[in-house]
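The values are calculated or read from the model by the stated rules, or taken from the named source; none is laboratory data. Everything quoted here is computed from the prediction, not taken from an experiment. Glycine gets a Cβ as well: all are built from the backbone with ideal geometry, and neighbour counts include every protein chain shown.
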Amino acid sequence: MYSYDPGAGHGLAHDPLKTIIGPRPIGWIGTRSAQGVRNLAPYSFFNVVNDTPPVLMFCSSGYKDSVANIEATGCFTWSLVTRDLAVAMNATSAPVPAAIDEFELAGLAARPGEVVAADCVADAAVAMECRMISVQRLHDASGRPLDGWLTLGEVVRVHIDPACLVEGGFVLPPGREPVLRGGGPAAYYAPDARVRFEMTRPQ
């Protein structure tokens, strides 16, 4: 076994943790600053952590504009990144000043939230509006503060493109598969229906 202590470094070209725990869904988080400047940023440390009510979470490495905006306004959106929006998603990951509107930077149309003061990606197949539950600074096992910020938000409205509603269920059409983050500097994945398999839970 190749073993290492994370605190001492992994000794490899790229952090293996980001490949081992992956591919990861991407949370495309939309916010506005207190001054009304729009922000859009992708986070791969992201997931849904509850179903009733639905709760989204993402974790930011560093206290970035998304976190600051959510603490200032109490809300955010999530938009689904699909294969057709991958290049635009990558553009929104650029480290730009807070005054830059990433919707404009990436050439994306925005749709204002209906119940929260934040914008969704208009062309996303799915978007969700969220109200902040909490923003927590992470700490290690000894209690030392880390530069990691965990945000939890309750989903208060869901938007789905009608083209994705098929026979009472949700199905993304070909070419609109979700984009997932892999490890290394540039690895991404998209699900392939050919590798799908099914198992029924034990009763």
Filtered residues of segment 79-108 (kept if closer than 26 Å to I133 by Cα, touching a residue at least 60 places away in the same chain (Cβ under 8 Å) and touching a strand residue (DSSP E or B) at 6+ places or on another chain (Cβ under 7 Å)): L80, V81, M89, T92, D101, E102, F103
Segment 183-202 residues that are in contact (Cβ under 8 Å) with a residue 60 or more places away in the chain, paired with ones that are assigned to a helix (DSSP H, G or I) and not hydrophobic (A, V, I, L, M, F, W, C) (beta carbon under 7 Å, 6 or more apart): G183/K18; G183/T19; G184/T19; A190/R83
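Would segment 134-157 turn up any residue that is of a type in the set (S, T, N, Q) and surrounded by 14 or more Cβ atoms within 10 Å (Cβ to Cβ)? Break it down stepwise before answering.
Step one: of segment 134-157, the residues of a type in the set (S, T, N, Q) are 134, 136, 142, 151.
Retained after the next criterion (residues that are surrounded by 14 or more Cβ atoms within 10 Å (Cβ to Cβ)): 151.
Yes: one or more hits.
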Selection count, segment 186-203, where residues are surrounded by fewer than 10 Cβ atoms within 10 Å (Cβ to Cβ), hydrophobic (A, V, I, L, M, F, W, C) and either in contact with a Lys or Arg (Cβ under 7 Å, 6 or more places away or on another chain) or modelled with pLDDT under 90 (or both): 4
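Quick one: in segment 65-102, of everything that is part of a loop (DSSP other than H, G, I, E, B) and within 14 Å of the chain's Cα centre (by Cα), which residue is nearest to Q136 (Cα to Cα)?
First, the residues of segment 65-102 that are part of a loop (DSSP other than H, G, I, E, B): 74, 80-81, 92-101.
From the residues that got through so far, the ones that are within 14 Å of the chain's Cα centre (by Cα) too are 80-81, 92-93.
Details: L80: 24, V81: 25, T92: 24, S93: 22 Å.
Among them, the one singled out is S93.
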Candidate set from segment 71-115 (those that are more than 18 Å from A186 (Cβ to Cβ) and of a type in the set (V, I, T)); member that is surrounded by the most Cβ atoms within 10 Å (Cβ to Cβ): T77
Count of residues meeting criterion [part of a strand (DSSP E or B) and free of Cβ contacts under 8 Å to residues at least 24 places away in the same chain] in segment 27-45: 1
Selection within segment 44-61 - buried (at least 17 other Cβ atoms within 10 Å of the Cβ) and within 10 Å of V155 (Cα to Cα): L56
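Being of a type outside the set (D, E, K, R) and crowded, with 17+ Cβ neighbours inside 10 Å is the filter here, so list the residues in segment 166-185 that pass it. Can you show your working first?
Step one: list which residues in segment 166-185 are of a type outside the set (D, E, K, R), which gives 166, 168-175, 178-180, 182-185.
Across segment 166-185, the qualifying residues are L172, P178, V179, L180, G183.
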